[in-house]
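Comments concern the structure below.
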């Protein structure tokens, strides 16, 4: 039985897909041996058809969640999670809707009607969902704008104050408290500072 | 030894409460013996929890399947290291793991913190003990790892095959180490607020801790990505899953803190902001735990749903309210020492860097919670997946990448236009050159172009910083170029270590960009059949199916499909992909299949692009196999980036430069003089 | 077996309690001391001031600072650094003797040890200026280096000993009268 199906498939040779060219190595069917323990190799897998790989189908499937709760899109789930029983069914549904000649958007609409809005990988940017997309950006812009305005004003005020009275400018933290009213530096002190700097740098 | 473990937990709870109550009461002021008692409690807490942990490990090792936890996550034939790591594979065990690691960090903090911070330590002990006690409470009242069952099954249920991976042995502990170690900086922040010693001292005390948590978080997150990549089989490493997002949140706020803390150290500004960032990071780490354990938001990472979530929610709210109230009461003491002097300055660049870090954190949090919000507002369930997060966060991420290149070029305090021109000319030219090159080679993906051009810009900045720094040093100190380079880095470890981390981020971004160019196809092949696939780099790969073999290995039956791969007509070797059927052996000679067969991806790493081969299954139980072939460009640079990041962080943290030589001797000379004058 | 475990648990609990309670039986025992590692240079006031100076030298050398901004900042930071140096010690630091014979080095080590001991005792005596570090004058009311008040007394409100230089009591938060 198995042999015969493999044989028929060999005649079918349905292995050509977008970007992919498969060649038959030869008509020698005996190379395809049976597995000793097929059950350990996971569920039997269907042969891949040209349509399974079609860009149109995969693109549509990548727009929608698998309903098994894995969080992946239908295409990724059916090609990754080989224990999922949902994604192959959803894949067949996509193929069926495509057979009816529906466009990508129509297929997605049909899925939303059937499974609810949560089937979409990303919510449609309409109504309240717009908030989902724009709120973070708006908040950042708003906070950034306010920050910019306040800081701009403060720096200008500070610059003006410094221009008027150039006293005790701000100092690095930790040193600031000790400088108010400091006497001018003597030559010896400057020399010592130079020496300290050299030691510090070694 | 569940009774011992159980009683050890109760003892630990009492010890933790003693440290918390006495520590917070402040009665130890002027009573050093009480302060000593609090410190001792922290050590005792750790020791007692070690006893509890040993009890659980003992149960795991001797296969005491009467213990519910042991029976749920192990089986007799589970390889030894997975028995060891089963300690943190489940909800209950990982709570104990969390508690013991936290108590260890707390003990290390008490032990290693220099004596000059003595006045903070009992408060620090109080905070760490409170958090530890909370975890112990959750275990004792909601998720007891020592709970026994009414019967003893002959064999345990075994560990989920996807967790039977070396990545899973180290990824969760690393991430936990990151999450948990945030508690220490948080404890110091609270201690500083409580003791009203809010000068820069506490910042110095926690510097290494913040870097360490950040490093652990970075490694933990990257290891999680690596695990997802090699184990989950979808050829990616980041899916914007709620739990992944939750781990990213504290990482973002900690990254913001690592930058803004420099402004406080140098200029005495942003004190309140830094406090808030530390408190926020801690709360986000608890929030991450809450997300993982409550099942509030659907995620692949979730532990089974349980009442534990309510405990975490309560703790999160209480900790948030108390911390920020405390911060509010100390608000006046956190006056900045100085003011921003110019909008074109390093300080201003850091401010906007912080805005972006926190903005992205908000954006990720917003996206993660948006389904809940939407359901509350509209009553409709929606889902937010990668397309949503990418749309919102990719532009923000690119802005941040741009700032990585801008910040280091601007001087502190202020920069003049002429200097800016001189600084930016090289990096901007590099970025534009990269852009032109990519456009010429036919790339039209907008975000990819932006990302790579910005990466070029940042690379230009980094090169220029190292080159000009070295040259300046060589000139100023008359040193040869290699020596100048070495000393430049050695004497400015924080700055140049930080630049290495920037380089790591650059590599991450380049790797992320590569994700947009992956190519894949599925094929059904019989032995000898071939499939071909063209890569984004223009190489043509030919895959020849060689056959499927089955054999036994450890606790599983392996079905291995082998593919011979040729690149541009030249053979580059064989790649194997597997199905693994795990089994358990409740009695000698008796075998039961456990779990569904799992898939092991065959990966061939390459600096340009990885071959990623998935054996999807066999047709009709024969050697005719279904494959998915994926070419993943640049993925390997994520892992290389992580290594660079570790090196950079280590350079930054490297100890040294302590007060010695001139300074110490200076004081000594002073004392000699004093003794001579007879005082 | 159960009994054995219970005994073990009781012993663990007893050991923990002993460790925690032991200090309370001996009041006045010195406070727990963490690792006594020296402060990193870059975190001392002098380190911060010198680092600031070095940074602008570097920023000018690498072309980030214009000469005008440089000279302005240089004046500022030099003033700050000098202030730190003045407060740090009244005297010039003794130069380390690097040319001495082995005998002199050994003698030097002894002196060093005595000095270190003295410094430690001074640090523990509590006479410490917030700006200048430990002070030699054990009965000083004001720091001889910078003139700050060194008054060590109890808080008027709760009696908690006050750390020199503090503006508020760390026990109750009452403002310290000056």
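The values are calculated or read from the model by the stated rules, or taken from the named source; none is laboratory data. Predicted model, so just to flag it, every value in this text is computed and none were measured. Here the Cβ positions follow ideal geometry from the backbone for every residue, glycine too, while neighbour counts run over all protein chains shown.
For residue B:84, only one of the following conditions fails: (1) within 23 Å of residue B:179 (Cβ to Cβ); (2) surrounded by fewer than 18 Cβ atoms within 10 Å (Cβ to Cβ); (3) at the interface with chain C (Cβ under 7 Å from one of its Cβ atoms). What is its number?
(3)
Taking segment B:156-167 on its own, how many of its residues are more than 15 Å from residue B:247 (Cβ to Cβ) and not in a loop (DSSP other than H, G, I, E, B)?
Final tally of qualifying residues: 4.
Got a sec? Which of B:391, B:414, B:381 is crowded, with 22+ Cβ neighbours inside 10 Å and either outside any helix (DSSP H, G or I) or in contact with a helix residue (DSSP H, G or I) (Cβ under 9 Å, 6 or more places away or on another chain) (or both)?
When all the criteria are applied, what remains is B:414.
Yes or no, residue by residue, for (1) touching a strand residue (DSSP E or B) at 6+ places or on another chain (Cβ under 8 Å); (2) at pLDDT 85 or above; (3) not in a helix (DSSP H, G or I):
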position	(1), (2), (3)
A:4	no, no, no
A:56	no, yes, no
A:76	no, yes, no
A:83	no, no, yes
A:96	no, yes, no
A:105	no, yes, no
A:112	yes, yes, no
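Can residue A:40 be described as farther than 16 Å from residue B:628 by Cβ and either over 18 Å from the mean Cα position of the chain (by Cα) or crowded, with 22+ Cβ neighbours inside 10 Å (or both)?
Yes.
Only one of these is within 20 Å of residue B:142 (Cα to Cα) and either at the interface with chain C (Cβ under 7 Å from one of its Cβ atoms) or in a helix (DSSP H, G or I) (or both): B:34, B:60, B:9, B:45. Name it.
From the options B:34, B:60, B:9, B:45, the qualifying one is B:9.
Determine whether residue B:577 is buried (at least 20 other Cβ atoms within 10 Å of the Cβ) and in contact with a helix residue (DSSP H, G or I) (Cβ under 6 Å, 6 or more places away or on another chain).
So residue B:577 fails the test.
Name the single residue that is nearest to the other protein chains (Cβ to nearest Cβ) among those in segment B:533-549 being without any contact (Cβ under 8 Å) to a residue 24 or more places away in the chain and within 38 Å of the chain's Cα centre (by Cα).
Result: B:534.
Here are the criteria: (1) part of a loop (DSSP other than H, G, I, E, B); (2) within 30 Å of residue B:354 (Cβ to Cβ); (3) more than 7 Å from chain B (Cβ to nearest Cβ). Tell me which single one residue A:138 does not satisfy.
(1)
Does segment B:563-574 hold any residues that are in contact (Cβ under 8 Å) with a residue 24 or more places away in the chain and either within 14 Å of chain A (Cβ to nearest Cβ) or surrounded by fewer than 16 Cβ atoms within 10 Å (Cβ to Cβ) (or both), and which are they?
Of everything in segment B:563-574, those that are in contact (Cβ under 8 Å) with a residue 24 or more places away in the chain and either within 14 Å of chain A (Cβ to nearest Cβ) or surrounded by fewer than 16 Cβ atoms within 10 Å (Cβ to Cβ) (or both) turn out to be B:563, B:566, B:568, B:569, B:572, B:573, B:574.
Of all residues in segment A:178-202, which are more than 7 Å from every other protein chain (Cβ to nearest Cβ) and either modelled with pLDDT of 65 or more or farther than 16 Å from residue C:47 by Cβ (or both)?
A:180, A:181, A:183, A:184, A:186, A:187, A:188, A:190, A:191, A:194, A:195, A:198
Determine which single condition residue B:482 fails, assuming it passes every other condition in (1) more than 14 Å from every other protein chain (Cβ to nearest Cβ); (2) within 30 Å of residue B:516 (Cα to Cα); (3) under 35 Å from the mean Cα position of the chain (by Cα).
Answer for residue B:482: the failing condition is (2).
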